[in-house]
1. For the subset of segment 45-62 comprising residues that are within 18 Å of the chain's Cα centre (by Cα) and closer than 20 Å to residue 249 by Cα, which member is surrounded by the most Cβ atoms within 10 Å (Cβ to Cβ)?
2. Buried (at least 16 other Cβ atoms within 10 Å of the Cβ), more than 22 Å from residue 173 (Cβ to Cβ) and touching a strand residue (DSSP E or B) at 6+ places or on another chain (Cβ under 7 Å): does that describe residue 152?
3. All but one of (1) more than 22 Å from residue 10 (Cβ to Cβ); (2) surrounded by 21 or more Cβ atoms within 10 Å (Cβ to Cβ); (3) touching a residue at least 60 places away in the same chain (Cβ under 8 Å) hold for residue 255; state the number of the condition that does not hold.
4. I need the full set of residues from segment 108-129 which are within 15 Å of the chain's Cα centre (by Cα) and buried (at least 24 other Cβ atoms within 10 Å of the Cβ), in order please.
5. Could you tell me which of the residues 261, 256, 212 is assigned to a loop (DSSP other than H, G, I, E, B) and either out of contact with any strand residue (DSSP E or B) (no Cβ under 8 Å at 6 or more places or on another chain) or under 28 Å from residue 50 (Cβ atoms) (or both)?
6. Identify the single condition in (1) in contact with a strand residue (DSSP E or B) (Cβ under 7 Å, 6 or more places away or on another chain); (2) on the phi < 0 side of the Ramachandran plot; (3) free of Cβ contacts under 8 Å to residues at least 60 places away in the same chain that residue 269 does not satisfy, given that it satisfies every other one.
7. Listed residues 103, 133; which is farther than 27 Å from residue 284 by Cβ, within 14 Å of the chain's Cα centre (by Cα) and buried (at least 21 other Cβ atoms within 10 Å of the Cβ)?
8. Consider residue 244 carefully, then state whether it is touching a strand residue (DSSP E or B) at 6+ places or on another chain (Cβ under 7 Å) and in contact (Cβ under 8 Å) with a residue 60 or more places away in the chain.
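The values are calculated or read from the model by the stated rules, or taken from the named source; none is laboratory data. The structure displayed is predicted, hence computed values, not measured ones. Here the Cβ positions follow ideal geometry from the backbone for every residue, glycine too, while neighbour counts run over all protein chains shown.
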């Protein structure tokens, strides 16, 4: 069962997201998409660092063969090295014809390919899609028709990819061919109940359970990967819960981001820690995030 939630960085982020634990640095990277910030938090010392960007930054992964990160900016995939503080360098912009879209959530698979989704900036038009960006620079669209995308995450055996149609409160599962990097057999895995928020970012632990952030639901819920049955729930003192990732020396800390955007003045008074980074001890460890092969 999860332990108590603590706010470890009351950052007041407009839209906290993009949680990534670095085993090498023993730190948690996360972003404020609309604030255009990349944050770094070191649990051992409490140290915090921040980088400012000229456009939205939404997701990231460490590189396997070079220093720094691959990130999704508003328009596409880019490289950024926090140590150099040089400007990010775009690699590919797959939606030049859709200026109303932006990138949102994303992660690397076990073979070093970066999967990321786009969304309508106004969260209305179903113009978002799911892309796979490979280390050789090729980019493939695998699904489309989403107003807001979130995820992905994978099953413990790597044979299933889960992806969120956030606005419609649905999580889909796909058969995942790891060798080919392809998806098939799309099916509804979980539909959120009315009044329970909608599914935002998510992660998988070493036991294969899915941990899902509830935007508008003030919690992270844990689910069986096959049946989707809810196993436990971790409440937070913020209603807009956005993303989560395992980290810490033993990978048993769940780091959770939240947001302030969309809250009324009364809600902001009631939720003073909204937009903060939270942490909770979990009985099952997570697994290290995939590294980008480029």
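1. 61
2. Judged against the criteria, residue 152 is not a match.
3. Unmet condition: (1).
4. Listed by number, the residues that qualify are 108, 114, 115, 116, 117, 118, 119.
5. Result of the check over 261, 256, 212: 261.
6. Against the list (1) in contact with a strand residue (DSSP E or B) (Cβ under 7 Å, 6 or more places away or on another chain); (2) on the phi < 0 side of the Ramachandran plot; (3) free of Cβ contacts under 8 Å to residues at least 60 places away in the same chain, residue 269 comes up short only on (1).
7. 103
8. Yes; evaluated as a whole, the condition is true for this residue.
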